[in-house]
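The values are calculated or read from the model by the stated rules, or taken from the named source; none is laboratory data. Note that the structure is predicted; figures quoted are calculated from it, not measured. Glycine also receives a Cβ, built like all others from the backbone with ideal geometry; neighbour counts cover every protein chain displayed. Areas reflect the complete protein model, heavy atoms only, side chains present, ligands, DNA and RNA absent. Shrake-Rupley method; radii C 1.70, N 1.55, O 1.52, S 1.80 Å.
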Amino acid sequence: MPVIRMLSRVVSQMQQSPACGCWLLAVPARFLGTLPRQVQSDASFHSVSFSEIDHPRILITGGLGQLGVGLANFLRKRFGKQNVILSDIRKPPNHIFHSGPFIYSDILDYKHLREVVVNNRITWLFHYSALLSAVGETNVSLARAVNITGLHNVLDVAAEHSLRLFVPSSIGAFGPTSPRNPTPDLCIQRPRTIYGVSKVHAELMGEYYCYRYGLDFRCLRYPGIISADTQPGGGTTDYAVQMFHDAAKNGKFECNLKPTTRLPMMYIDDCLRATLEVMEAPADSLSMRTYNISAMSFTPEELAQEVLKHVPEFQMTYNVDSVRQAIADSWPMNLDDSTARKDWGWKHDFDLPELVTTMMNFHGSDTRVAQAN
Ligand code: SER
């Protein structure tokens, strides 16, 4: 078929298709093109076998952050311990090192990242390396390198080796001009942090690679994630994690956001389950490649009221951090996740009371609860 006619057929197929996920199906493989790094892609010729989907070989970058270890444990239960490799540039504590495969991997070193993917026959990649919102503002050049340059390396390696790629986005991808209550999947995104800018960039680049090179990119916009046994670092939503810890340990907490600052939040178990669910969703069920997901939304004073039910002597004071407050004031108060619920059946398990009970039990406040009753 003459090239012009074929091209116009591709364009008309794309115009008929609703969103990125479906364009992919419409683009003939030969038109996926040469990848930016000039390493011959196997994307055009590689058809994903049944066993690769059923038994993925998984790499998690940024594995020693808030979510990596929990995700590795969760995925290992499903796919087997040896099939899930945790990686980071830091030295793991003993219990993590001995809990399953761990390797050094620096996302800023493209050749090394490629070596890791090839040598370990990786088929799914979860890209968790990132500097969060508040800490990113204290070191913009590092945040830019890790969150943007690092993502470029990951995208190229993933496209070259036909990986299924998950990249978390965030409520931080929205800004003061976005509708805040609720925030839909598709709306104005003009974030005011380097973290947010890098997340919008990741969403757009992932969707572009999906459309242009056939990359199987999947992305969720996480709310603030609350975890019990791993600490976040440098996020604006982290006050909530710290509140549980300090309430259980000292019975008091100094909050760096104003009492009425409302932000979307989610318990880690819901977050990890959503992540696996979107990765396992059939491609034709995905009308988009980037979805909001939501569970609950609360303010510091609402959270403190709930904590008081478990720690009756709990006291909270405020010492507002102007940088974090400005960030929080520009973020969604509630995420509209109706498309995720419709497309791949997303449903949260944990609401606010259940979250607080789970967290306080973990931090050993059971005896205080008994006393309060
Ligand atoms: N938890 C992140 C932060 O506060 C937002 O995704 O930076």
Q | Residue list for region 338-361, restricted to those being more than 15 Å from Glu306 (Cβ to Cβ) and touching a helix residue (DSSP H, G or I) at 6+ places or on another chain (Cβ under 9 Å) | A | Ala340, Asp343, Trp344, Gly345, Trp346, Lys347, His348, Asp349
Q.
Take Val241 and tell me if it is within 16 Å of the ligand (Cβ to nearest atom), open to solvent by 40 Å² or more (accessible area, probe 1.4 Å) and assigned to a helix (DSSP H, G or I).
A. no
Q.
Go through (1) surrounded by fewer than 19 Cβ atoms within 10 Å (Cβ to Cβ); (2) assigned to a helix (DSSP H, G or I); (3) within 16 Å of the ligand (Cβ to nearest atom) for Gln231 and report which single condition fails.
A. (2)
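Of everything in region 286-303, what is among the polar types (S, T, N, Q) and open to solvent by 10 Å² or more (accessible area, probe 1.4 Å)? Give them in sequence order.
Residues of region 286-303 that are among the polar types (S, T, N, Q), as a first pass: 287, 290, 292, 294, 297, 299.
Hits for region 286-303 are Ser287, Ser294, Ser297.
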Q) If Ala202 passes every condition in (1) hydrophobic (A, V, I, L, M, F, W, C); (2) over 17 Å from the mean Cα position of the chain (by Cα); (3) within 13 Å of the ligand (Cβ to nearest atom) but one, which one does it miss? A) (2)
Q | Only one of Arg190, Arg262, Arg218, Arg180 that is away from the ligand (no atom under 13 Å from the Cβ), of a type in the set (Lys, Arg) and crowded, with 23+ Cβ neighbours inside 10 Å | A | Arg218
Q) Within the group Ala283, Ala326, which residue is closer than 30 Å to Thr123 by Cβ and open to solvent by 10 Å² or more (accessible area, probe 1.4 Å)? A) Ala283
(Q) For region 213-240, give me each residue that is within 24 Å of Val140 (Cβ to Cβ) and among the aliphatic types (A, V, I, L, M). (A) Ile225
**Q.** Filtered residue count, region 85-138, keeping only those that are away from the ligand (no atom under 16 Å from the Cβ), among the small types (Gly, Ala, Ser) and open to solvent by 20 Å² or more (accessible area, probe 1.4 Å)
**A.** 1
Q) When both residues are 6+ apart or on different chains and their Cβ atoms are under 8 Å apart, which pairs have a first residue that lies in region 353-373 and is loosely packed, with under 13 Cβ neighbours inside 10 Å, and a second that is of a type in the set (Gly, Ala, Ser) and at pLDDT 55 or above? A) Gly364/Ala248
